[in-house]
């Protein structure tokens, strides 16, 4: 049997799969898909909560006091910084801290860490109802900052934002709340991660 693979998923509502069953969130779907491909994936450890900003995720990591090392660490964070209108410089500083923390959880193995870009809630029913046309542009700004930091630290940055924008024309990609994403979208993200990372 192949070596057991332990994964840590850090993030917010997009990581826990708000509005879908936990089993249909992308980290658990990723583990399930990888198991089907013959990998010995354990149940991922998910440290994420709806509404968390980069600062709140940093605080949660300190509170949890996790000392374990993981074979794979993912990070998807920042949408709530954008939603609350926080300065991008705060995100820049805290995102880099989170990236370095993720790398520590991976025992310093950068190739075992990856970041998912921030999905674009501006195309959701909720986003359109909010009527804020600058959301997509702001999300792009945040993602550009995250991408540059990842590039600097030689850590994979996987763009799922364009995929999330498919919900503008395909409402089946959205969960019932009209804001978060359905299992169908979570699986699309999984497929993209596998395409980018699994050789």
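Bear in mind that the values in this text are calculations on the coordinates, not laboratory data. Remember, it's a predicted structure, so these values are computed and weren't measured experimentally. Virtual Cβ from ideal backbone geometry, glycine too; neighbours counted across all protein chains shown.
Which distance in Å, rounded to a whole number, links the C-alpha centroids of segment 41-64 and segment 95-134? Spelled out, the Cα-based centre of one part sits 12 Å from the other. Here, segment 1-141 has an Rg and a Dmax of 15.8, 53 Å when only alpha carbons are counted. Normalised by the number of residues in segment 4-197, the average gap of Cα pairs under 8 Å and 6 or more apart makes the relative contact order 24 percent.
Length gained on full extension, residue 196 to residue 171: 6.4 nm, using 0.36 nm per residue less the C-alpha separation.
Taking packing as the residue-averaged number of other Cβ atoms within 10 angstrom, the listed peptides 83-94, 185-196 run from highest to lowest as 185-196, 83-94. Just to verify a number: FRET efficiency for residue 49 and residue 141, C-beta to C-beta distance, R0 = 22 Å, to 0.05? Computed FRET efficiency for residue 49 and residue 141: 0.40. For segment 55-113, the share of alpha carbon pairs falling in successive 10 Å distance bins from zero is 22, 50, 24, 4 percent.
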